[in-house]
Structures are given as structure tokens and as C-alpha cells.
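Take a look at the structure set out below.
The values are calculated or read from the model by the stated rules, or taken from the named source; none is laboratory data. For clarity, every value in this text was computed on a predicted model and none was experimentally measured. We place every Cβ from the backbone using ideal geometry, glycine too, and count neighbours over all the protein chains shown.
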Amino acid sequence: MLFTTAGMHPLIPYLLGDEHPDGSRLVNIQRSLRTGDIDEVGDATHLTFFEMLGHWSLGDYFKREAITWSYRFATEELQLPKDKLAVTIYAGETSRGIGSDEEAAKIWRSLGVERIDQLTDDNWWGPVHATGPCGPTTEIFVWTGNNEPPTDSLPGNDDRWVEIWNNVFMEFNKTTDATYQPLKQKNIDTGVGLERVLMVVNGYESVYQIDLFEPLIAAISPDKSLAHADRDVRVVADHIRAAVFLIADGVEPSNKDRGYVLRRLIRRAVHVAGRLDPFNWPTAVEAVVGAYADEYPHLLERPIAKVFMTEQSKFYQQLERAKRFIAKSLEKSPVANAQEAAALAFLAYQSHALPLELGYELIEHHVRHIDRNAFESSLDALVQAHQEISRAGSEKKFGGHGLILDTGELKATDEAELQKVLRLHTATHILQAALRHILGDHVQQKGSDINPERLRFDFTHSEKLTDNQIRAVEAWANDIVDQDLPMQSVDLPLHEAERTGALHFFNHKYPPIVTVYYLGNDLTTAASKEFCGGPHVARSGEVGRITITKEQSAGAGIRRIKAIVA
């Protein structure tokens with residue numbers, strides 16, 4: 001798991017029976033982040049970041065107590081009208097071998113609740129991983145419609161019911177053979193969404209009206225009344241808030257794992273914000289910090305606005321280039337259907353690093369009525385085909401224990417050596433770019449050899465390199481490493497690949513389609529770009545410190561360097 005999406009994650013050992021140091025009854029407030037419903041963000045209730053209120057029984061109280069206490073809290077403490085409450089229970093499924101939760105239904109009826117819906121997957125929670133603790137749930141919903149709820153209206157058929165409370169009866173353990181065995185203790189895992197509770201208690205139409213969002217909404221759209229109802233404002237507000245907490249928790253924007261989620265949130269916010277009146281991004285960030293710093297003082301300990309603005313500025317330039325590319329492409333060759341639109345989005349992704357999730361929105365701005373489902377299906381097919389081609393090429397060239405490149409032979413006998421070889425291979429690309437930057441564009445590759453200990457690189461140059469030149473090459477190369485640039489690739493027709501300026505052997509016969517590997521956010525401004533079969537590390541920062549250990553002649557007009565990475 002990249003993030004805590006629910007409070008149960010750190011409690012798994014105790015749900016399985018380990019003794020918790022704080023006892024068998026716990027209460028917590030868990031900041032959580034979920035991106036599974038990110039396309040729904042902007043409606044009345046969905047958020048990526050939210051606070052989950054929880055209470056737990058580790059082999060202590062069970063269904064009757066949990067249901068009774070949750071109902072009393074909702075109706076007595078929160079004073080929610082009883083006639084505007086509905087609940088759901090687990091309907092049972094033969095695939096799990098577990099029947100309907102009639103015990104929970106009976107308890108609810110004993111409390112006077114008659115509006116009970118039976119659902120399947122929506123009322124089953126866990127396991128977090130392929131195996132582990134899990135169980136049926138019962139959920140409390142509040143009616144948010146203007147009129148009284150119709151007699152036949154239930155949470156499963158009417159989205160005006162908003163879920164605020166979830167009691168999970170954590171009583172099973174899913175095993176590796178997909179069977180569900182009773183746990184040695186029965187547990188309660190309660191999750192209550194703070195933002196949704198504030199929404200329904202105050203009678204608001206959306207979570208974006210609560211006081212925690214108020215300063216942020218005002219910072220994004222200060223002159224617009226009812227800004228909280230604008231879907232674009234909501235998306236930007238949600239993503240800024242989520243990004244602020246991720247940065248505060250130590251996540252940095254990147255193209256991997258948590259960093260990629262953060263980057264995606266910031267970039268999506270930047271893209272959507274382009275449709276709004278310009279606003280001050282640091283002020284919006286400070287609005288989040290101001291609303292939460294009393295409860296989460298660590299928000300004050302990191303330069304959140306600086307990290308946010310650096311990523312925002314970097315992506316804004318990239319996004320503008322992608323927008324121009326799409327606009328010019330559509331001018332030259334308008335798309336006629338979803339398949340052609342997907343092909344253009346994929347090309348923008350390959351050539352300008354446009355995030356795939358933004359392709360539809362940018363193209364749809366120019367070409368209305370593109371079927372989104374057909375677009376997504378076509379784009380998925382293109383991505384899968386590209387991955388298969390890349391995988392097949394890698395298997396053909398790099399299968400077994402030896403890795404064969406056009407530039408030489410890479411010997412790797414195990415996974416550790418393989419990783420070292422990949423770092424050295426990427427270092428070779430960086431060094432060639434560094435040599436050309438320091439010595440001049442006359443530098444051309446004449447040979448390369450890599451083993452797990454060092455790289456050897458031959459290149460055209462008529463004079464011995466001075467110590468200052470060697471240090472300058474090292475400094476330029478290590479600056480690229482320090483920038484932690486993404487290593488990306490694009491498959492292009494040979495003539496198009498040549499026009500990109502990517503380095504290659506001029507006397508070599510290449511296939512009609514070649515792969516260009518480049519270091520940077522887009523092909524145009526890449527620090528290094530070469531025809532290559534791969535493989536490489538994911539980012540330049542993974543290469544490590546590059547040190548040139550030897551410089552010598554390799555023939556008339558050819559110099560040779562050897563280098564290591566550490």
C-alpha cells in the first residue's frame with residue numbers, strides 16, 4: 001500500500017490476535033488518502049484526502065454494541081432525524097461461502113430502523129492485501145434530498161443517500177487459497193468520515209461547504225459567490241489539500257509510487273485551474289495549512305508552498321507545450337472518432353510527456369462529443385501494445401543472464417549485478433551528453449562496453465582531455481543525476497526520430513521504427529536523448545555519483561574514458 005486508505009492498515013497484526021499495548025478498545029483519528037475514486041472528485045461527497053474517525057474492538061465488544069452505539073451517536077449526539085436514516089448490511093455471496101448478515105438486520109430492527117438495504121461488495125471490507133483480516137459491514141446513510149425520502153428509496157438505488165458511518169465486523173481471515181476462515185477473535189473496525197458528518201449535520205449540499213474548506217475555496221475563487229458549487233473549484237481545492245498533506249508527510253513529486261500520486265494531484269489541479277480565474281497558489285496552500293496546523297503542527301515544518309510551486313511551474317510549461325502540440329495536430333489533421341483521438345493523446349504522452357489522464361480533457365476541448373469510454377478503451381489498448389513491444393524487445397535483447405546492447409555487451413549474473421549494469425548504462429548516456437556539452441558537438445560515440453564494475457566509452461576527439469575538462473564533464477553529468485530527471489522512451493518512425501536530434505550511429509542500419517530514450521520531462525528539452533534498446537533506470541537520481549577513473553587514447557582521433565558509479 002502506498003498510503004493509509006483506512007485506519008485498519010497499522011492494526012492488522014492486532015486484528016489477527018496480537019496483543020495491542022493500549023488494550024482491546026481503541027479510538028483514533030486517521031488522515032487517509034484514496035485515489036480509486038479520483039474521477040468522482042468534484043461531486044458532493046468524494047475526496048482524495050479525508051479524516052477518518054475510528055473506534056476499534058480487538059476481540060472485545062462486537063455487533064450489538066457497535067450498532068447500538070453508532071445509532072445512538074448519530075441520533076442523540078449528532079441529532080440526525082431518525083426518519084432520514086437508512087442502513088445497509090451484507091447480502092451474502094456464494095463465492096465467499098458467507099450468507100446474509102441477518103444478525104445485523106435484526107439488531108437494526110430492534111432499534112426501530114426499518115429502511116435496510118442488502119448489498120454485496122459494497123458491504124464487504126478487506127483484506128487490504130491478497131490475504132488477511134476482512135468481514136461484512138453495516139453502513140449508516142443520511143438522506144440529503146430536499147423532500148422526504150420516497151418509500152422505495154434505498155442507498156443502493158438512490159445517490160441522495162450519503163454514507164457517513166461504516167461498522168466492519170472483522171471476523172474472517174482470507175487465506176492464500178481464497179477461503180475465509182473465522183479469526184480467533186471477533187473485531188470491530190469503525191470508520192466515520194469527518195467531512196461528510198460535518199456536511200450532513202450542517203445541512204449542506206456538499207462537503208466543500210464545511211468550515212475546513214471555506215478559506216481554501218475563498219483563496220481559489222475570492223470574487224465568485226457559490227464558488228463551492230463549481231466542480232472545477234472543488235477539484236482544485238481537493239487536490240491542493242491532498243497535496244499539502246502529502247508534502248508535509250515527506251512525499252516529493254516524482255514518477256514513482258507516492259511521488260507519482262503527488263505529481264498527478266498537483267498537475268491535475270494545475271490543468272483544471274486553467275479554466276478558472278487566476279489565483280495565488282501560495283495563498284491557497286497557506287489556507288490549508290492555516291485550517292489544519294493546530295491539529296497537525298507538522299504542516300508548519302516543511303516548505304510546502306515551495307515544493308508545490310516548483311512542481312506547478314515545471315508542469316505548467318510542459319502542459320502548455322502539450323496543448324500547442326495537440327492544437328497544431330488537430331489543425332493539420334482533425335480527429336474523426338474516439339480511436340483517432342486516443343492515438344493523438346498517446347502521441348502527446350510519448351513526445352511531450354502529457355499525462356495520459358489529461359489527454360481526453362485537452363482533446364475534448366477542441367473536439368466535442370468524443371465517446372469517453374471508447375476513448376479510454378482505445379488508449380488502454382495503445383498503452384498495452386506499447387508495453388508488449390517494449391517487453392518483447394527487452395526479452396529479445398536482454399533475456400537470460402546476459403544483456404546485449406547495440407553498443408556492446410552487458411554481463412549480469414544476478415539481480416544485484418543487473419541493477420548495477422543498468423545504472424552504468426544510463427550513466428553512459430549522461431556522459432555522452434556531458435562530453436558534447438563540454439567539448440563540443442563533434443563528440444560521437446565510437447564504442448561502449450559495460451560490466452558490473454565499470455563502463456568504458458570511446459568517442460571522437462583529437463586531444464587528450466585536461467584535468468579541468470574531466471572535472472567539468474563529471475560536474476555536468478552529476479548535475480543531471482542530482483536533478484533526478486525521469487528516463488522515458490518513445491517509439492518513432494526512423495525519419496521522425498532523426499529529426500528529434502537524438503544521438504545515433506550515422507552509418508548504422510536501423511529498423512523503420514526505433515526507440516528513443518530521453519532524460520527529462522519531454523523530448524524537446526531532454527538533457528540526453530539517444531536511439532537505444534534499453535533498459536535503463538527509471539530516474540537519473542538512481543545512477544549515483546559518476547566518477548571518471550581513466551582517460552586515454554583508443555586510436556587516431558578517438559579517446560576512451562572509463563567511469564564508475566557509487
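The figures follow:
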{"read-out": "Residues located in the range 99-115, provided they are surrounded by fewer than 18 Cβ atoms within 10 Å (Cβ to Cβ), within 16 Å of Y180 (Cβ to Cβ) and either touching a strand residue (DSSP E or B) at 6+ places or on another chain (Cβ under 8 Å) or aliphatic (A, V, I, L, M) (or both)", "value": "S100"}
{"read-out": "Qualifying residue in the range 257-280 (condition: at positive phi and part of a loop (DSSP other than H, G, I, E, B))", "value": "no"}
{"read-out": "Sole exception among (1) closer than 16 Å to I564 by Cα; (2) modelled with pLDDT of 90 or more; (3) in contact with a Leu (Cβ under 8 Å, 6 or more places away or on another chain) for V481, by number", "value": "(3)"}
{"read-out": "Output for the range 433-478, where each listed residue is out of contact with any Leu (no Cβ under 7 Å at 6 or more places or on another chain) and aliphatic (A, V, I, L, M)", "value": "A433, A434, L435, I438, L439, L465, I470, A472, A475"}
{"read-out": "Test: residue in the range 95-116 that is at pLDDT 95 or above, assigned to a loop (DSSP other than H, G, I, E, B) and of a type in the set (V, I, T)", "value": "yes"}
{"read-out": "The range 528-537 - residue that is modelled with pLDDT of 90 or more and of a type outside the set (K, R) and, of those, nearest to L503 (Cα to Cα)", "value": "E530"}
{"read-out": "Candidates S528, S448 - the one that is surrounded by 19 or more Cβ atoms within 10 Å (Cβ to Cβ) and farther than 26 Å from F325 by Cβ", "value": "S448"}
{"read-out": "Qualifying residues in the range 494-504 (those that are within 24 Å of P355 (Cβ to Cβ) and outside any loop (DSSP other than H, G, I, E, B)) - the one modelled with the highest pLDDT", "value": "A497"}
{"read-out": "Given (1) loosely packed, with under 15 Cβ neighbours inside 10 Å; (2) in a loop (DSSP other than H, G, I, E, B), number of the condition S254 does not satisfy", "value": "(1)"}
{"read-out": "Hits in the range 143-162 - residues which are within 31 Å of the chain's Cα centre (by Cα) and surrounded by 18 or more Cβ atoms within 10 Å (Cβ to Cβ)", "value": "P155, W161, V162"}
{"read-out": "One residue from V421, V443 being modelled with pLDDT of 90 or more and either in the same structural domain as Y260 (by TED's automatic domain parsing) or surrounded by 17 or more Cβ atoms within 10 Å (Cβ to Cβ) (or both)", "value": "V443"}
{"read-out": "Qualifying residue in the range 201-220 (condition: surrounded by fewer than 24 Cβ atoms within 10 Å (Cβ to Cβ), β-branched (V, I, T) and touching a Gly at 6+ places or on another chain (Cβ under 9 Å))", "value": "no"}
{"read-out": "Single residue of D230, D249, D238, D257 found to be acidic (D, E) and modelled with pLDDT of 95 or more", "value": "D238"}
{"read-out": "Single residue of the range 505-521 satisfying the filter (surrounded by fewer than 19 Cβ atoms within 10 Å (Cβ to Cβ) and assigned to a loop (DSSP other than H, G, I, E, B)) that is farthest from the chain's Cα centre (by Cα)", "value": "N507"}
{"read-out": "Residues of the range 151-173 satisfying the condition of being part of a strand (DSSP E or B) and either within 17 Å of E114 (Cα to Cα) or in contact with a helix residue (DSSP H, G or I) (Cβ under 8 Å, 6 or more places away or on another chain) (or both)", "value": "W161, V162, E163, I164, W165, N167, F169, M170"}
{"read-out": "Selected residue (criterion: surrounded by the most Cβ atoms within 10 Å (Cβ to Cβ)) from residues of the range 531-566 that are within 33 Å of the chain's Cα centre (by Cα) and basic (K, R)", "value": "R539"}
{"read-out": "Among the residues listed as T515, T549, the single one being of a type in the set (V, I, T) and within 18 Å of A433 (Cβ to Cβ)", "value": "T515"}
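Every residue, every condition in (1) small (G, A, S); (2) in contact (Cβ under 8 Å) with a residue 40 or more places away in the chain; (3) in contact with a strand residue (DSSP E or B) (Cβ under 8 Å, 6 or more places away or on another chain), yes or no:
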| residue | (1), (2), (3) |
| --- | --- |
| S462 | yes, yes, no |
| D479 | no, no, no |
| L494 | no, no, yes |
| G501 | yes, no, yes |
| F505 | no, yes, yes |
